[in-house]
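**Q** Sharing a structure here in structure tokens format.
The values are calculated or read from the model by the stated rules, or taken from the named source; none is laboratory data. All values reported here derive from a predicted model rather than from experimental measurement. Cβ placement follows ideal geometry from the backbone for every residue including glycine, while neighbour counts extend to all protein chains displayed.
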Amino acid sequence: MTPCPECGGSLESGSLLVGSLVHWSEKPKVRMTSPLVLEGAVWHGTYAGRPSPFQAFRCVRCQLCIVPGAPGCAHTFHAGWIFPYAKLRWVSGNTKFAPTFFYPFSSRGRGGVIAETLFSPGFPISISGARCPARRCPECGSLEITYGSREPNEQRSA
Ligand SMILES: [Zn+2]
Ligand SMILES: [Zn+2]
């Protein structure tokens with residue numbers, strides 16, 4: 001398995017649970033027309049869909065979550081932000097997360113599986129208020145999400 005690009009340590013594999021559409025922008029502002037990077041959730045016109053799992057890797061030490069792109073891509077990462085409207089959650093290994101009726105308010109799934117919250121957008125006033133720094137390779141779509149680096153002033157305004 002590929003090591004963590006930040007610290008060289010081993011990565012943990014699992015699933016990133018995405019409960020909303022996620023836009024991408026290289027600027028700290030986003031528009032509804034900005035490209036989508038993770039098309040999470042089944043969008044039936046409801047605010048909160050069931051989260052879609054994306055196969056991913058993470059480094060707990062660096063708080064980095066990697067969604068792999070095409071194998072063999074040389075990757076040219078561009079720095080920017082992702083804009084999730086709902087929490088990004090995580091389950092380790094091959095665990096399948098089946099949400100209950102109480103998702104997105106409860107991170108406990110069926111069969112006692114508990115998803116860990118990686119990123120919480122809080123209650124943003126605008127969609128730009130829910131950003132998380134990330135890097136993206138435009139060639140293959142690989143994403144590196146630095147989920148631990150939340151901007152503290154964004155939290156205050158929420
Ligand atoms: Zn690391
Ligand atoms: Zn790439």
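**Q** Would region 1-15 turn up any residue that is in contact with a Pro (Cβ under 6 Å, 6 or more places away or on another chain), farther than 12 Å from residue 83 by Cα and modelled with pLDDT of 95 or more?
**A** Yes.
**Q** Contact list please: Cβ distance under 8 Å, first residue in region 63-77 and over 11 Å from residue 139 (Cα atoms), second residue within 16 Å of ligand 1 (Cβ to nearest atom) and aromatic (Phe, Trp, Tyr), pairs at least six apart or on different chains.
**A** Filtered contacts from region 63-77: 63/147; 64/147; 65/57; 65/90; 65/147; 66/57; 68/57.
**Q** Which one is farthest from residue 9 (Cα to Cα), of the residues in region 63-91 that are assigned to a strand (DSSP E or B) and within 16 Å of ligand 1 (Cβ to nearest atom)?
**A** Filtering region 63-91 for residues assigned to a strand (DSSP E or B) gives 64-67, 78-84, 88-91.
Right, trim to within 16 Å of ligand 1 (Cβ to nearest atom) and you get 64-67, 90.
Values: 64: 12, 65: 13, 66: 14, 67: 17, 90: 19 Å.
Step by step, filter region 63-91, then rank; the result is 90.
**Q** I would also like to ask the following. Tell me yes or no: at least one residue of region 95-109 is crowded, with 21+ Cβ neighbours inside 10 Å and either within 10 Å of the chain's Cα centre (by Cα) or at pLDDT 95 or above (or both).
**A** No.
**Q** Given the conditions (1) surrounded by 11 or more Cβ atoms within 10 Å (Cβ to Cβ); (2) within 16 Å of ligand 2 (Cβ to nearest atom); (3) part of a loop (DSSP other than H, G, I, E, B), and given that residue 56 satisfies all but one, which numbered condition is not satisfied?
**A** All conditions pass for residue 56, except number (3).
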